[in-house]
Amino acid sequence: MKLNTLKKIVGEDNFLEKGIEKIAYCNDASQIEGNTIVVVQPTKVEQIHKIVLLANRQNFNLVIRGAGTGLVGGAVPQNSVVLDLSKMNNILEINENEKTAVVEPGVIVDDLNYILKDKQLFFPIIPSSHEICTIGGMIATNAAGLRAVKYGPTSKWVIGLSIIDGSGRYYDIKEDRLDNFIGKEGTTGIIVKAKLKLTRPIEDISLSIFEFSSIEKMTAKAGELLKLPNLIALEFFDKLTAKTAKLNENYYLIAEFEGSDGSIKEPTKIRETFKLREGIYPNLASEGYIRIEDPKVELDKLPRLAGFFEKNKIPFFGHLGIATIHPCFDELNDDLIERMYSLVSELNGSISGEHGIGLSKKKFADPVFKDKIKKLKLRYDVNNILNKGKII
């Protein structure tokens, strides 16, 4: 590979080739280790176009990266050139009348909402990594957020994309073809611009915390709460997770409401409660439970899955509004993970509620979804240069 050609395209300041410069790009939040040939940081769409054409001519793999917060190895290079889009971070347009924003893929969601705050507008998908995760990465994984009960996943809020595919072709994608790229983990195209729907921020919220001695009692209450029209978020965690948070060893539900139906109304206490929720995974990771998964099962199936976790002393938490569960394993639990996904399949669940497939879950992926990716590859990335080896 002629690295000097890549350097000329992006400029020396946006070309990282030294070992120490590449270390951070060899893995993502999954901690799966990969190998980076070189890192390029384009600042213009034209540069991405030239890089893709060069990748086709010289037959090298491009791994698209935002903030590297993914948990399944989707941004892990495998002897690849890393296309770091973090410098394409401009908010190009905000239309207050239409309640829309046009952004580049490297825009961080918290930065966008900081700008929107003065305009009384809000982009409502807030993942746990909201302080650093990028809009492009959220679209690529179809991220959900803590308030998915009300707002759904990212796909609900994307109304247009500009894409460069694996052949170097540029598309302005409207709603009828967005599904070819949203949630496809950078395997079908590179997002270079996105048009997003916005909403008004919620002015009045309240919370309630419920404590239960059993999973059955918790799921029964969750079923009642999910029927309420003003429910915004419904989070839970189990007994082992409660123990790491120095709480009574019971099951807990955290319900967030629009309006004053919750028992906690004071803003400081609300922030403290969500700080507790956002600290769950860091607490578990500090105890050695560093591998986090995201199976999805319906509420009435959760007790059976919970029985498996309890029997094997696996802490778990998650988002009951979107039926996504986060069990956390230590590094030595590959056999338990495989058994868990077999049970999830038996319960007619999904192996991924929000993290994606990437490298870590390829062998568990739904054959129908993998076949769809293969067909999209033939249409948009015939030489398989985009995120090769991920999902399929």
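Every read-out reported here was derived from the displayed coordinates using simple, explicitly stated rules and does not represent laboratory data. Nothing here was measured: the structure is a model prediction, and the numbers come from that model. Cβ coordinates were reconstructed from backbone atoms using ideal geometry, including for glycine residues, and neighbour counts include every protein chain displayed.
Things worth noting here:
- Pair R379, A220: separation of 7 Å Cα→Cβ label points (nm): 4.8
- Estimated vicinal HN-Hα couplings, Hz - the stretch 117-124 in sequence order (Karplus 6.51, -1.76, 1.60; Gly, Pro = x): 4, 5, 9, 6, 10, 7, 9, x
- Dipole of the stretch 3-84 [Lys/Arg +1, Asp/Glu -1 at C-beta], most positive-end residue of P77, G34, H49: H49
- Applied to the stretch 367-378, the Karplus parametrisation 6.51 cos²θ - 1.76 cosθ + 1.60 on θ = phi - 60° returns per-residue 3J(HN,Hα) values of x, 5, 5, 4, 5, 5, 4, 4, 5, 5, 4, 5 Hz, with x for Gly and Pro.
- Stokes-Einstein translational diffusion, the chain - Kirkwood Rh over all Cα pairs, 1.306 mPa s, 10 °C, in µm²/s: 73
- Among G356, G223, G68: highest mean-square fluctuation, GNM of the chain, C-alpha pairs under 10 Å: G223
- The stretch 215-271-the stretch 1-57 distance, computed between alpha-carbon centres (Å): 44
- Förster-model FRET efficiency, 25 Å R0, A24 and E331, C-beta, rounded to 0.05: 0.75
- FRET E, pair K311, R177, Förster distance 51 Å, beta-carbon r, rounded to 0.05: 0.70
- For the stretch 181-194, 3J(HN,Hα) per residue [Karplus equation, 6.51 cos²θ - 1.76 cosθ + 1.60, θ = phi - 60°, Hz, x = Gly/Pro]: 10, 5, x, 9, 6, x, 8, 10, x, 9, 6, 10, 6, 9
- Here the convex hull built on the C-alpha positions of the stretch 9-79 has a volume of 91 cubic angstrom per residue.
- Distances between placed amide hydrogens fall under 5 Å for S352 paired with K296, all partners being 5 or more residues away or on another chain.
- Charges were assigned to the Cβ only: +1 to each Lys and Arg, -1 to each Asp and Glu. The resulting dipole of the chain about its Cα centre is roughly 1140 debye.
- Under a 5 Å amide H cut-off, with hydrogens placed 1.01 Å from N, I205 pairs with G259 among residues at least 5 apart or on other chains.
- Least to most buried among S155, S342, S206, S352 (fewest other Cβ within 10 Å first): S342, S155, S206, S352
- Tilt relative to the chain, helix 267-278 - C-alpha long axis, 0 to 90 degrees, to 10: 70
- Shape category assigned to the stretch 74-119 from the gyration tensor of Cα positions, a/c cut at 1.5: prolate
- Across the cross-link table entries K193/K296; K44/K372; K2/K50; K184/K362; K174/K197; K44/K119, which are compared at the Cα atoms, the separations over 22 Å belong to K193/K296; K44/K372; K44/K119.
- Taking the convex hull of the alpha carbon positions in the stretch 205-346 and averaging its projected area over all directions gives 8.0 nm².
- Expressed in units of 2.2 N^0.38 Å, where N is the residue count, the Cα radius of gyration of the stretch 123-218 is 1.35.
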